[in-house]
Amino acid sequence: MAKDGGPIRVVGISGSLRAGSYNAAVLKAATALAPEGMTIEIAEIGDLPLYNDDVRVAGYPPQVQRFRDQLAAADAILFVTPEYNYSIPGVLKNAIDWASRPPSQPFDNKPVAIMGASGGILGTARAQYHLRQMLIFLNAFPLNKPEVMIGAAQTKFDEAGKLTDEATAGFIRQLLEALRDWRNRLA
């Protein structure tokens with residue numbers, strides 16, 4: 001439970017903007033698989049401008065401030081990332097760069113879980129490891145286990161983007177339960 005006794009509020013971020021994104025579909029599935037006492041709100045990062053410190057110094061653009069406020073109000077964060085060139089997508093890095101600037105960067109002391117889906121066999125393993133490195137610098141608390149790296153994603157969703165693979169649904173449930181427990185342990 002959150003500090004106020006209410007549900008644990010998780011902000012979910014998909015690192016893919018593509019309409020048919022497997023990672024967006026995984027995040028949507030997670031909202032339905034969340035354990036009792038947890039809500040997942042999906043953050044919009046597609047409207048964030050490219051990071052420019054001159055703009056930040058002049059004042060956060062409204063869409064950036066909205067994103068930062070969303071993260072600050074969350075009890076935990078859930079990243080769902082594809083893997084581009086052995087790392088996270090630029091759009092996700094851009095969102096992290098905007099959110100992580102002073103004052104009061106909202107990743108500090110925040111429990112975080114990571115998962116991702118790809119058509120390949122490794123299921124975003126390298127991207128997730130790069131994201132973990134960033135989270136260390138941001139003083140976030142990434143959940144170590146379970147790791148959810150969904151390979152061959154094209155075989156796990158129907159044409160409408162609905163998760164159809166029960167084993168994958170089970171892995172997502174386990175991750176969300178572990179994030180709930182991790183958050184409660186850190187609270």
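Structure values in brief
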{"item": "Residue match in segment 14-24 (condition: farther than 27 Å from residue 133 by Cβ and of a type in the set (S, T, N, Q))", "result": "no"}
{"item": "Residue, surrounded by the most Cβ atoms within 10 Å (Cβ to Cβ), within segment 121-146, restricted to residues that are over 14 Å from residue 77 (Cα atoms) and of a type in the set (Phe, Trp, Tyr)", "result": "129"}
{"item": "Segment 163-187 - residue that is over 19 Å from the mean Cα position of the chain (by Cα) and small (Gly, Ala, Ser) and, of those, farthest from residue 119 (Cα to Cα)", "result": "187"}
{"item": "Complete set of residues in segment 96-120 that are touching a strand residue (DSSP E or B) at 6+ places or on another chain (Cβ under 8 Å) and surrounded by fewer than 17 Cβ atoms within 10 Å (Cβ to Cβ)", "result": "109"}
{"item": "Residue check, residue 117 touching a residue at least 12 places away in the same chain (Cβ under 8 Å), of a type in the set (Gly, Ala, Ser) and on the phi < 0 side of the Ramachandran plot", "result": "yes"}
{"item": "Filter pass, residue 79 being part of a strand (DSSP E or B), of a type in the set (Phe, Trp, Tyr) and closer than 23 Å to residue 177 by Cβ", "result": "yes"}
{"item": "Enumeration of residues in segment 31-62 that are under 12 Å from residue 98 (Cβ atoms) and surrounded by 15 or more Cβ atoms within 10 Å (Cβ to Cβ)", "result": "43, 45, 48, 51, 56, 60, 61"}
{"item": "Segment 15-43: number of residues that are in contact with a Gly (Cβ under 7 Å, 6 or more places away or on another chain) and assigned to a loop (DSSP other than H, G, I, E, B)", "result": "3"}
{"item": "Breaking point among (1) in a helix (DSSP H, G or I); (2) out of contact with any Pro (no Cβ under 7 Å at 6 or more places or on another chain), for residue 171", "result": "(2)"}
{"item": "Within segment 44-63, considering residues that are in a loop (DSSP other than H, G, I, E, B) and among the small types (Gly, Ala, Ser), the one farthest from residue 92 (Cα to Cα)", "result": "59"}
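So that you can scan it fast, the table gives a plain yes or no per residue for (1) among the hydroxyl-bearing types (Ser, Thr, Tyr); (2) closer than 20 Å to residue 42 by Cβ; (3) under 13 Å from the mean Cα position of the chain (by Cα):
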site	(1), (2), (3)
88	no, yes, yes
91	no, yes, yes
104	yes, no, no
132	no, no, yes
137	no, no, no
148	no, yes, yes
152	no, no, no
161	no, yes, no
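Yes/no per residue for (1) closer than 15 Å to residue 15 by Cβ; (2) in a loop (DSSP other than H, G, I, E, B); (3) in contact with a Leu (Cβ under 9 Å, 6 or more places away or on another chain):
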residue: 102; (1), (2), (3): no, yes, no
residue: 108; (1), (2), (3): no, yes, yes
residue: 114; (1), (2), (3): yes, no, yes
residue: 135; (1), (2), (3): yes, no, no
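No value in this document is a laboratory result; all are computed from the given coordinates. Everything numeric here is computed off the predicted structure, so don't read it as measured data. We place every Cβ from the backbone using ideal geometry, glycine too, and count neighbours over all the protein chains shown.
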